[in-house]
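The values are calculated or read from the model by the stated rules, or taken from the named source; none is laboratory data. Just so it is clear, the model here is predicted, and its values are computed rather than measured. So basically every Cβ, Gly included, is an ideal-geometry build from the backbone, and we count neighbours across all protein chains shown.
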Amino acid sequence: MPLGYNVSGKYYTAYKPFFYRLKEGEEARKLEELLSQTPAIQIYDTIESQLAELAKIKNAGRHLTKDDVSDFIRDYRGSSSLDECGVWVYYPWSQKLVHLLDEEEFVQVRTSRNVYKIKPEELEILKKKRIGIIGLSVGQSIALTIATERICGALYLADFDDIELGNMNRLSNCNVYNLGASKAIVSAQRIAELDPYLEVTCFPEGINENNIDTFLGEGSSQIDILVEECDSIDVKILSRLKAREKKIPVVMDTNDRGMLDVERFDLEPERPLFHGNLKEDMDLTKLKDLTSQEKLPVLDAMVDLSSLSERMKYSLSEMGKSINTWPQLASSVMLGGAMVTDTCRRIFLSETTTSGRYYVDFSQLIK
C-alpha cells in the first residue's frame, strides 16, 4: 500500500503528528513499540545541528567557535543523551519520524529571521491569534504562507472538496499522490510537516449552517480573522453574516488583478456586506441551485464584474460553453497568499484599521 494510504486504500484523514519525549519513560516505551511495529519508518535526526542554531541565536552578540557550540550543547544536555533532548515527532501519513527541538525553542529558531521585521513583543501578540480559512484552492496558499510566517497560533481550515488533477495548476504544495485526498486534510498535513506545534483544526465537510458557529468559535476560542475564499455564494454570504454578528473581520483575495477585500466587522459591527453592494434580504437556500450564468448578478454585487481583467471577463462569457468554471493562476493565488498574510498581521498589530477594496495589479504596476 502506498505511503499516505491506509489498508483500505483510503487516504489518511490524520493530520496531527504524534510526539514522543524520551525523558518520560512511558513515551520512550511507546516509541520503541512504534519502531518495532513500523519497519518502513524513515528517521530524520538533525538535533545537533538545531542545537547549534539555538546556541548562535542565544549568543547573537558573539562569534561562536566550534568549541563554544560544543560547550553549549554539552551544557544543554546535562546528564541527558542527545536522543532525550527535544522531542521525536511521528507523521503517520508518511511514516516519517523527525527529531526536533521542543516547542518554545523550535519556534524561537524557526522564526528567528522574522526579527525585527516582526518585533519580539509582536510575536507574543501573534502567537495567541486564531485564523479561520474557508476554501482551500486559493486558501491553501494563504494557509501555508500564514503558517510559514507564523502570524498566529491556531488555524481552522474548511473545504468539503477533494483534490482533482485540474486543481493542480494552482495548488503549489500538493503532489500527484494527493489526488483524491481532502484539500483541508492535505493542507493541514503540510502545515504539520512545516511546524508540528502550530494548532490546526480541519473541517473537511466544509462550512454550512449547521457548523458555521462551531467553526467561528465562541469566547476565548473564537477566531480573530475570517479569511473567506470559497466558491459557494451562499457560504460567502452566510459566513459574513455570522462574522458580522460575532464582530470578526473578514479578508478575501479574489486572485484577479490582485483584488483584496477587507471588511472590519470588529470595528464596524453595522457595516453592510461587500461594502453595501449586496442586498442582504435574499434567500440563501435558493442560491445553491443557481447555474453559473444565474450567479453572475450576485457575483457582480460582490466583486464588481466591470473591474475584472479583460481575460477574466472573457472567461466568464465562456463559462458553461468552453470551460466549466472560472480560471485561477498559480501566480495570482500565491500573490493572494502574501497579501492576505500581510494584511492579517497588520490587523492583529493594529497597523491598519480600515475596510475597503484594494488592488495589486501587476499589469498596471509593471508595464
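Can you tell me which of Thr343, Thr325 is surrounded by fewer than 16 Cβ atoms within 10 Å (Cβ to Cβ) and of a type in the set (Ser, Thr, Tyr)?
Thr325
For Gly180, are the conditions met, namely being at pLDDT below 95, surrounded by fewer than 16 Cβ atoms within 10 Å (Cβ to Cβ) and touching a Phe, Trp or Tyr at 6+ places or on another chain (Cβ under 8 Å)?
So Gly180 fits the description; yes.
Only one of Leu278, Leu267, Leu165 is in contact with a helix residue (DSSP H, G or I) (Cβ under 7 Å, 6 or more places away or on another chain) and either in the same structural domain as Gly135 (by TED's automatic domain parsing) or buried (at least 18 other Cβ atoms within 10 Å of the Cβ) (or both); which?
Result: Leu278 is the single residue among Leu278, Leu267, Leu165 that is in contact with a helix residue (DSSP H, G or I) (Cβ under 7 Å, 6 or more places away or on another chain) and either in the same structural domain as Gly135 (by TED's automatic domain parsing) or buried (at least 18 other Cβ atoms within 10 Å of the Cβ) (or both).
Take the stretch 27-64 and flag every residue that is in a loop (DSSP other than H, G, I, E, B), among the polar types (S, T, N, Q) and either over 20 Å from Ser112 (Cβ atoms) or in contact with a Gly (Cβ under 7 Å, 6 or more places away or on another chain) (or both).
If the condition is that a residue be in a loop (DSSP other than H, G, I, E, B), among the polar types (S, T, N, Q) and either over 20 Å from Ser112 (Cβ atoms) or in contact with a Gly (Cβ under 7 Å, 6 or more places away or on another chain) (or both), then Thr38 is the only one that fits.
If a residue has to be at pLDDT 95 or above, surrounded by fewer than 22 Cβ atoms within 10 Å (Cβ to Cβ) and part of a loop (DSSP other than H, G, I, E, B) to count, how many in the stretch 136-155 make the cut?
2
Within the stretch 310-359, which residues are assigned to a helix (DSSP H, G or I), without any contact (Cβ under 8 Å) to a residue 60 or more places away in the chain and either closer than 22 Å to Ser141 by Cβ or of a type outside the set (Asp, Glu) (or both)?
Within the stretch 310-359, Arg311, Met312, Lys313, Tyr314, Ser315, Leu316, Ser317, Ser331, Asp342, Arg346 qualify.
Could you please find all residues in the stretch 181-197 being touching a Cys at 6+ places or on another chain (Cβ under 8 Å) and outside any helix (DSSP H, G or I)?
Ser182
Looking at the stretch 253-309, which of its residues are under 21 Å from Trp326 (Cα atoms), in contact (Cβ under 8 Å) with a residue 24 or more places away in the chain, part of a helix (DSSP H, G or I) and aliphatic (A, V, I, L, M)?
Scanning the stretch 253-309 gives Leu287, Val298, Leu299, Ala301, Met302, Val303.
Which one of these is under 25 Å from Asn210 (Cα atoms), under 24 Å from the mean Cα position of the chain (by Cα) and basic (Lys, Arg): Lys295, Lys236?
Lys236
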